[in-house]
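Heads up: the structure comes next, in structure tokens.
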């Protein structure tokens, strides 16, 4: 909110200073905090899944749902510019999925997530996956109110994905390195990618996976404390 | 990355403030943009010029001050700039979450803001 510190009354035709101290990015952070409180009140744990296009965000959620649905009542928000293709993929695993189509925006924001809550009975779930739009830059600017943030990259994106996008990895609790079965074909070292994450964010847990077979997904579950 | 929409919000906020104070003209707007935001000052300037056209903000001076990213170490109390990876192959220094003093994991405490700090208006 605007916080006016000093107000000086001016005469007609006089220039005067208004010290405003208004933060235009703060609006999203405040809604994110409201979302966090709202989720906690309903006993729902929310996990963000962020990553580039084709990194395996949806595949990771599909595998997590299969492994966790006997223990948790799960729902998912699926952000995309258009289409419900991925949302339908996840819903085939018999969980409620709400597609959030951003139209032209390259990221989800806290307000869109708050809007999506209206379509969901939060008391009937205890775990919510929020899959962001495929992008490694913008989602870092817009927290949504989740408990943990996962960033997924894949070896097919090349060896420099981490060092090229340091800011999103600073925000991550868990970093998943996917498609490890293709690492040697791509001539990409999973160990080097791991080391890059650890150099930028030593507190992030790094988990290699193959989300097609499910290899490593149990370690993601453990890293998330689920 | 979102200079267009953010600058729209800035211009709208200034115009609202000006209206409330019955200002005739905006002379100067001072912003503080954190270095950890994804806002590029050059692009903010471009959008500012476009968006203020035909408003009482047209021709006003835009001052942009950049605020540094600041981290705080919960272990040794260090507060200040990041520790950077000093690797010539990366060309630009890459910030890390390690404390430059004791290497513990730090918290980011500054540099993510986008403030309208001050407006000079003609009433």
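Throughout, read-outs are computed from the coordinates displayed, never taken from laboratory work. Since this is a predicted model, take the numbers as computed values, not measurements. Neighbour counts are summed over all protein chains in view; Cβ atoms, including those assigned to glycine, are modelled from backbone coordinates with ideal geometry.
Under the shape rule built on the C-alpha gyration tensor, where the axes satisfy a ≥ b ≥ c, the range A:163-226 is oblate, since a/c reaches at least 1.5 while a/b does not exceed b/c. Against chain B, whose longest principal axis is taken from its Cα atoms, helix B:3-20 shows a tilt of about 50°.
Computed from Cα positions, the angle between helix A:57-68 and the longest principal axis of chain A comes to roughly 70 degrees.
From the P(r) of chain A, could you give the percentage of C-alpha pairs in the tail past 21 Å?
So the portion of pairs separated by more than 21 Å is 57 percent.
Summed over qualifying helices (DSSP H, 4 residues or more, each -39500 (n - 2.57)) and divided by its residue number, chain B shows a 222 nm mean residue ellipticity of -8000 deg cm²/dmol. Averaging the sequence gap over all C-alpha pairs within less than 8 Å and six or more residues apart, then dividing by the number of residues, gives chain A a relative contact order of 22 percent. Set the Cα radius of gyration of the range A:64-195 against 2.2 N^0.38 Å, with N its number of residues, and you get 1.12. A simple spin-label model places the labels of residue B:75 and residue B:19 5.3 nm from each other, with each point 7 Å out along Cα-to-Cβ. Say R0 is 45 Å: what FRET efficiency, to the nearest 0.05, do residue A:160 and residue B:109 get from their beta-carbon distance? For residue A:160 and residue B:109, the calculated efficiency is 0.95.
The simple Förster model, with R0 at 35 Å and r as the Cβ-Cβ distance, assigns residue A:122 and residue B:43 a FRET efficiency of 0.35. Within the range A:26-223, DSSP assigns beta bridges of which about 5% are antiparallel (rounded to the nearest 5). Among A:22, A:198, A:69, the largest mean-square fluctuation in a Gaussian network model of chain A, built with springs joining Cα atoms closer than 10 Å, belongs to A:22.
The ranking of B:37, B:8, A:82 by Cβ neighbour count inside 10 Å, starting from the fewest, reads A:82, B:8, B:37. Sequence-distant contacts, meaning Cα pairs under 8 Å at least 6 residues apart, place the relative contact order of chain B at 35 percent. Cβ crowding within 10 Å ranks A:149, A:212 as A:212, A:149, fewest other Cβ atoms first. Listed by Cβ neighbour count within 10 Å, with the fewest neighbours leading, B:79, A:105, A:141, A:131 appear as B:79, A:105, A:141, A:131. Overall size of the range B:1-101 from C-alpha positions, given as principal axis extents largest first: 52, 31, 19 Å. Where does helix A:190-200 land angle-wise versus the long Cα axis of chain A, in degrees 0 to 90, nearest 10? Tilt of helix A:190-200: around 20 degrees.
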